[in-house]
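Remarks on the structure that follows.
The values are calculated or read from the model by the stated rules, or taken from the named source; none is laboratory data. Because the structure is predicted, anything quoted here is derived from the model rather than measured. When we count neighbours, we look across all protein chains shown, and the Cβ atoms used for this are built from the backbone with ideal geometry, even at glycine. For accessibility, only protein heavy atoms count, side chains too; no ligands or nucleic acids. Shrake-Rupley method; radii C 1.70, N 1.55, O 1.52, S 1.80 Å.
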Amino acid sequence: MTRDDRVAERYAHALFLVAERRAMVPEAQEGLQRLLALVHADARIGPYFRSPLVPLARKRALLRGELAAGPFAPVASLVDLLLRKKRLGLFPAVVEEFEKRVRRWQGLQAAEAVSAVPLTADQRRRLHARLERVTGLTLELETRVDATLIGGMYVRIGDRVIDHSVKGLLASLQDRLFETSLQARPT
């Protein structure tokens, strides 16, 4: 995790605490998404806010005007703080971290299944049901293909990885053979 990731995580955590305390998590999420959509909608907005030629007061006034219609003032305060600290470039990462916190708050856990070949809809459904049953969690399952796995798949749920790929099994076998060869050497 980079320093910027940790900083974005802290900003997201602070905003989430305020939103949760005020029972306005959905409103904060909506405000963040609206601002993110605004930034992505016009390619000129990012450079405008990064430009040292534009006075800070003008940038802040533009943001206040855009956020005035929004229902959640702490989002405006967060963006204003990012702007003043010259960390507005972290905004997309802050939104992503905030979204992760909202999913956890809702009892959802992100899971990723990476397979050597595409999964059918039925395989995906069965895998999803089995993972939820085994972990006891409500999962948001994303799938992708990685042909370098040779066969099988691995699943990542948070920090936990379940590796049943041929590539993973071969690496494990290689490690065991290496350990065995080291133990067999006479000293």
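Summary table
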read-out	value
Cα centroid separation - region 116-187 against region 1-80, whole Å	38 Å
Highest to lowest packing among 104-111, 151-158, scored as the average C-beta count within 10 Å	151-158, 104-111
Label-point separation in nm, LEU53 to ALA121, each point 7 Å along Cα→Cβ	5.3 nm
Largest-first ordering by accessible area, 1.4 Å probe, given options GLU99, GLU132	GLU132, GLU99
Within-14-Å neighbourhood charge of ASP163 [Cβ basis; K, R +1; D, E -1]	-1
Proximal charge balance of ALA113 [Cβ under 9 Å; K/R count +1, D/E count -1]	+1
For region 113-170: accessible area per residue (Å², 1.4 Å)	66 Å²
Region 99-150, accessible surface, carbon-and-sulfur percent (1.4 angstrom probe)	51 percent
Rounded to 5, the percent of DSSP beta bridges in the chain classed as antiparallel	60 percent
Of all DSSP beta bridges in region 85-187, antiparallel share, percent nearest 5	60 percent
Listed peptides 3-11, 166-174 by packing density, highest first (mean Cβ within 10 Å)	3-11, 166-174
